[in-house]
Structures are given as C-alpha cells and as structure tokens.
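Some notes on the structure that comes next.
The values are calculated or read from the model by the stated rules, or taken from the named source; none is laboratory data. Source: prediction; values computed, not measured. Counting neighbours? That spans all protein chains shown, and the Cβs are built from the backbone with ideal geometry, glycine included. Areas reflect the complete protein model, heavy atoms only, side chains present, ligands, DNA and RNA absent. Shrake-Rupley method; radii C 1.70, N 1.55, O 1.52, S 1.80 Å.
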Amino acid sequence: MGADEVAFLRAPWLEAGQPDAWVAALEESCARLQPDVLILAHITMGREVGPRLAARLAVPIVTDCTEVRMDGDSGALVGVRPCFSGKALSEIALAPGSLRIATLRRASGSATVSAANPAPAPSVTLELSAAHAGHTRVLERVVPPPGALRLEDASIVVGVGRGVATAEAFRSYIVEGLAKTLGAAVGGSRGAVDMGIIPAELQIGLTGRVVSPSVYVAIGLSGSPQHMAGCGGASTIVAINTDPQAPIFAYARHGVVGDFRKVVPSLTERLAKILAEDA
Amino acid sequence: MHVVVCIKQVPDPQAPAGSFYVDEATNEPRWSPPAQDQISTFDLHAIEAAAQLRQAHGGRVTVVSLGDAEVEVGLRRALAGGCDAALRLDGPAGSSADRSETARWLAAAIARLAPVDLVLCGRLAADWDMGHVPAMLGELLGMAVVTPVVGLEYDGACFRARRLTDEGQEVLEVDLPAVLAVSNELNEPGYPTMRAVLQAQKVPVTTWTARDLGLDEPADRAAARLLRLLPRDLTRECEFIEADTPEDAGLLLADCLRAQGLLAAGAKGG
C-alpha cells in the first residue's frame, strides 16, 4: 500500500485493546522511531488516543481530517477538517519542529492493496516494555456477530431515521429486506437511536460513525447537519421520506416522496431481480 | 464525592444551516441573524450526570468554564441544573486550531480544586467539533480517561462506565479519579425549575485568573494555527421519482439506480 517499512508493535498488554495501552505503546514507539508525523485512523480509538498522546508529548495535533498534506515551503503539515457540523472546512497547519499528530477519516474502499506491488515492505518488530498498568479494566464486551459488515467498509449503506418508527420495522424492512438484498451495512441517525430503532453503536453522524460509501440510502431520515456530518461524504445519496420539505432532499441525487413501508418492499423486490440478472 | 463539570458556550448548534457564513477577511464563523450562545449540547448531559450522581451519593458539584464574563450565563444555567458552585477562568476561550491551552487552564483549575474524584465533560463542543479537551485533561492530570461514555454505575465503592467502541460497547471498571467524556445516550437533561433558576442567581461565581492558577504565558502558541476557514455546501439538485403509487416509485427507483450504475459497487461487495 505504499509503505517503505512496517513496524509491528508487540506487547502482551496491547491485547486488551484499551486506549491506555495504545497511548503507552505509541509513546514508546515514537521515542524509538522518532517520526516527524504520526497519522491515526479517526475511529473511536484514534479520537481518544490522538489528543492524549499530543498532551502527553506536548506536540500539536489536528483531528478528523478528510485530507492531510505537507506544505512544501513552510514544512507545515496541513490538515483539512470539517467543523460546525460540516458547514465549513478548516485548514489547520502544524508547524515543523516536533512530532505532529493527525487523525484521518477513511473513505470507504480507498484502502485497497495493489496487486501490482507484490513485494512486501521490510518489517521490524518492536518489543515494548512489559510493564503497563491501565486505569480501567474491561468487565464486559458487546460486539456484533462475526461476519457482520462494518459500516466503514460498506460501499452501500442504508441509514434510517425517526420515520422508520420501530425496531421491528427496521428489522423487517431494512435489515432483512433492502440491506440484505443490496449487501449493504445499516446505521441511522441520533433520532433513530433515541427512539430505540437502532443501537447506539450504529449511529452515523458527527459523534457517531463516519461513512463515505458509494451510495447512501436514507430512509425516514430528516437530514440534520449533525447526521450529514457523518454521511455527507457519500458519492450518491438516495432519500425516501414522506415529507417533501425534509432537508435530506437537499443533499440527495435521487428522491422518493412516500411512505417507506410501501416504497421499500417494491424497491427491494425489483433490486433482487436486477441483481440476480446482472450477476 | 467531588465532581467537576467543564462546560463551554457555543453559538446555537440548531441555528439554520443557511444562517452560517464565513467572514473571509478574518477567517471567522458568523451567523446572520446572529446565533445565541448556549451551553454546548453534550455538556448539558455532563451537568445532568453530575446532578444525578450527587442526588444518589451526596458530595458536591463544581462547574467550570473558561472565558470572559459572558460565560457566567452558562455557569448559572448549570447551577440551576444541579451544580453547587461555579468557577469562571478568566482566560482565552479557546482558539480555532488548538485546544492545548484550554486543557492547560482547566487542568490547573482542577488541580487547585482538589480533591476531585470525577471530571465530566461533553464528548465534543458543537462549534469546532474537536473533542480534544477531555483526553488532554486526563493526561495533564494523570487521571483515567473514558470516552465516549453512554452509561454510568456507582455503588459507592466501584465505579463502572459503559463506553462506545469501534466494534460495539464495553463496560469498564474505572479507577477514580477519572475524566469522562459524556455522550448524549447517557441521560435526558431536564429543564431547571423557575425556583432553581432564581436561586442560581444568588450563588456567587468565583473567578480565577492566570495569576491565581500560577499559569505562565504559553510557550509557543503557533504550533497549530488556522490557515483558512471555508464554507462548505453539500447540497445539490434532487431528481424526484414521480409515480402514481409509492409501490411504483420503488420499482422506478430500482431501475434508476441500475441505469446510473450505482449497484455495481455493492454487487461486487465492499
């Protein structure tokens, strides 16, 4: 994927997967490898680990970047990041002179391994100090069933809002219906979480998951700025909503004004037929 | 238990998207008509969590905010929401690019408020959307950090927090003192009663300056700076599918998605 060298970090305490451990591991790795720039994925782990490491090392950081680049003249690391719920983009420059940290949003499907470059990069393994005591201990983990499609990995995402009304409708019309047929991942708005339609970890938005699929199908979703900050990077948005004035239609390329209970079954049926024909 | 809640006032995040613009001369965000300042959304959940902990376990809650005299409006709202004491830090309310100075002020104040068992913050402020402060505070204070928190349990001895992870959720046993970044799933903030609002007016707001906190001039504030702020418009022209019945619209939408080549990516799998 373009790396010149790969460093594997090894320590028994990393397996617990806690941010405490990752901050310690990256602190030690940076001390040994002396990088100019550290880039982390802007996922829940990176959102916490990045600013913690920046504070611990007293170095500058820019997070939630949609793009990072080096400015040739000043040597600054420039991060471009949405702010004000996606209503603006800010360009933030981190001056050279110390380690600089950025967390980067991932565009779905952008991290492809090129088959034309079969030579593996040379790798080193860093054995980290054995002693590490975290401030937290995991008592219980709730994880999705194995094989479930991650929202960030899906090229099609179906998102639901308050209009879907119940968890049962979400299951029957979307999970078992449209999303299954499309091979799409599912998520939804904060409103859908508040109404108990979807679990909190499937929230898409500024404070939830950030997805950039090829197609985002928004169902019964109003399209608040908070939500659009999490799915506005989709190449194409398709919206189904009973309210023709819903803000989501301002972002959508294709829209249907209608009740999803009537639109989605015929859409699903026809898609199943099309996909079977095209396969 | 002594709980400290850190709050920030931001321009109304619910202000219509169309009222937002950028002053290109100064690179500053503007609203027309002006957006009212209010306590950032997630901070309201932090205030509510602190009030609930105090109600259940006693102790006291101190609310802290950094900025000029205008932040006292938010501090009094927090007092009405269940906090016991309010503290204003007379310093810069946070630049557009760098949160380390905000964290430095808050950490110095919390150290002076010792003993502190718990620091509650909103998971991010609804303006620059960074969410750096709780993580930085935990490091500067040497406390446990948990982000983003959607559940809390305390039995007087063992403190448990439920957090979102990239895969799902986790329940953690947390050593106190700790800094928690609170998410909206945690609780449902109520509105203070008129009586509480009136009582909050009588509580004095303490003010601490850089000198009170023994803070030096920041060493190098230019490490991270805002180059440009650009308005961003994601809106586009929507083509509506017209049909006699919603069932027909569903069929036409499927045909449209195929015609536009939008199904290819999904058919191949992510």
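Taking amide H atoms as placed 1.01 Å from N in the peptide plane, the amide H of residue A:38 lies under 5 Å from those of A:100, A:101, A:102, each 5 or more residues away in sequence or on another chain.
Measure off, as a whole percent, the carbon and sulfur share of the 1.4 Å-probe accessible area of the range A:118-180, all protein chains present. The value for the range A:118-180 is 60 percent carbon and sulfur by accessible area.
Rg ratio for the range B:112-250: its Cα radius of gyration over 2.2 N^0.38 Å, N being its residue count, equals 1.58. Solvent exposure of the range B:1-64 amounts to 46 Å² per residue of accessible area, where only protein heavy atoms count and the probe is 1.4 Å.
Helix A:19-33 and the long axis of chain A differ in direction by around 50°, with both axes built from C-alpha atoms. Convex hull of alpha carbon positions in the range B:2-213: directionally averaged projected area 12.7 nm². In sequence order, the range A:266-275 has phi-based couplings of 6, 4, 4, 4, 5, 5, 4, 5, 4, 5 Hz under the Karplus curve 6.51 cos²θ - 1.76 cosθ + 1.60, θ = phi - 60°, and Gly or Pro positions carry x. Peptide packing for B:247-256, A:33-42, B:4-13 was compared via the average number of neighbouring C-beta atoms within 10 Å per residue; ordered from the highest value, the list is B:4-13, B:247-256, A:33-42. In the context of the full set of protein chains, the range B:143-185 has a per residue accessible area of 30 Å² (1.4 Å probe).
Just the number, please: buried accessible area between A and B, total of both chains, 1.4 angstrom probe, nearest 100 square angstrom.
7600
Tell me which of B:17, B:214, B:246 sits at the most positive position along the dipole axis of the protein assembly as shown, charges placed on C-beta atoms (Lys, Arg +1; Asp, Glu -1). Going by the charge dipole, the pick is B:214.
Averaged over the residues of peptide B:255-262, the number of Cβ atoms from other protein chains lying within 10 Å of each residue's Cβ is 5. Counting only DSSP beta bridges with both residues in the protein assembly as shown, tell me the antiparallel percent, nearest 5. Around 40 percent antiparallel, to the nearest 5. Between the residues B:56, A:39, B:146, the greatest Cα displacement towards the positive end of the dipole of the protein assembly as shown, with unit charges on the Cβ of Lys, Arg, Asp and Glu, is found for B:56. The listed peptides A:154-164, B:38-48, A:64-74, ordered by packing as a protection proxy, come out as A:154-164, B:38-48, A:64-74 (highest mean of other Cβ atoms within 10 Å first).
Within the range A:80-95, the residues that become at least 20 Å² less accessible when every protein chain is included than when their own chain is isolated (1.4 Å probe; DNA, RNA and ligands ignored) are A:81, A:83, A:84, A:86, A:87, A:88, A:89, A:90, A:91, A:92, A:93, A:95. Summarising the label geometry, the points placed 7 Å from Cα in the beta-carbon direction at residue B:259 and residue A:279 lie 2.5 nm from one another. With θ taken as phi - 60° and the Karplus curve 6.51 cos²θ - 1.76 cosθ + 1.60 applied, the whole-hertz 3J(HN,Hα) list for the range A:149-163 is 7, 6, 3, 5, 8, 7, 8, 10, 10, 9, x, 10, x, 4, x Hz, x standing for glycine and proline. Counting only DSSP beta bridges with both residues in chain B, tell me the antiparallel percent, nearest 5. Approximately 40 percent, going by the DSSP bridge assignments.
Highest first, please rank the peptides A:166-176, B:193-203 by the mean number of other Cβ atoms sitting within 10 Å of their residues.
A:166-176, B:193-203
Residue by residue along B:132-144, Cβ atoms of other protein chains within 10 Å of the local Cβ number 5 on average.
For the range B:60-168, the relative contact order works out to 18 percent when only alpha carbon pairs closer than 8 Å and six or more residues apart are counted. For the peptide B:176-182, the mean number of other protein chain Cβ atoms found within 10 angstrom of a residue's Cβ is 1. The share of Cα pairs per 20 Å bin across the protein assembly as shown, counted from zero up to the longest distance, runs 21, 53, 25, 1 percent.
Counted over the range A:11-113, the DSSP beta bridges are approximately 60% antiparallel.
A straight chain from residue B:207 to residue B:31 at 0.36 nm per residue would run longer than the Cα-Cα distance by 60.4 nm. Note on the range B:178-196 and the range A:17-88: Cα centroid distance 30 Å, given to the nearest whole angstrom. Solvent exposure of chain A amounts to 42 Å² per residue of accessible area, where only protein heavy atoms count and the probe is 1.4 Å.
Comparing the range B:1-67 with the 2.2 N^0.38 Å rule of thumb, its C-alpha radius of gyration ratio is 1.50 (two decimals).
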